[in-house]
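What follows is a single structure, written as structure tokens, with notes after it.
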Amino acid sequence: HMLGLGNPEIIPLELLSGGELAADPRDNNSEVNLGGDKEIDSATLEITWDLSANLSFKSVSNYLEFDRSAATDLNGTPIQFFRNDTFENTNQFSQELQLTWDGERHSTLFGLYYFKENIEASIDIQGPSVYSDVFERPFIEFYGTLDSKSYAAFVNSTWEIDDQWSVTGGLRYSEDEK
């Protein structure tokens, strides 16, 4: 049960107000339509151009949209005491450009990367119905947004020493804004 067995001498307010626990401890006897919805849409486009026998260019683009909402009952009884409603919306876009040179025993990858994300989220905790009816607002409310951007440039090279051994090295510069 959400309220648990706890101390039998202490009766939670939800039960004193007429709420009953579910008979099965795996069930939830709730006034809330429990559950949630999640939707993720994502599309990726990858295009490669062979510019010559040893040189290729690749573009990788991605867009993602994520929406989530959920309702939970924090006390597990049909008396509204604490109810949690959450919402999140995320939009992302990324772009990577790669230029690859392949030699006989050496290869190098040059790249540029860009990422942008916008997040909006809220959590509303509805208090006891007396509070919600009187004040007509959530008991506790959290709301926030976050905008992020990242930029990067990188290079990676591999030298084949023989058929079994190779040496790889690389550099990356990144800048993030939040």
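Worth a mention:
- Taking label points 7 Å from Cα along the Cα-to-Cβ direction, ASN54 and GLU160 give a separation of 1.4 nm.
- Relative contact order, whole percent, for the stretch 48-100 stands at 44, derived from Cα pairs under 8 Å and 6 or more residues apart.
- Here the scattering of the stretch 119-177 is modelled by Debye summation over its C-alpha atoms, one equal scatterer each and no solvent; at q = 0.24, 0.30, 0.31 Å⁻¹ the log10 of I(q)/I(0) is -0.95, -1.09, -1.12.
- For the pair the stretch 125-175 and the stretch 32-76, the centres of their Cα atoms are 14 angstrom apart.
- Under 15 Å from LYS178, Cα to Cα: aspartates and glutamates that are on another chain or at least 8 residues apart: GLU117, GLU120, ASP147
Laboratory data are not the source of any read-out in this text; all were calculated from the coordinates shown. As the structure is a computational prediction, the values presented were derived from the model and not from experiment. A quick note on method: Cβ atoms are made from the backbone with ideal geometry, for glycine too, and the neighbour counts reach across all protein chains shown.
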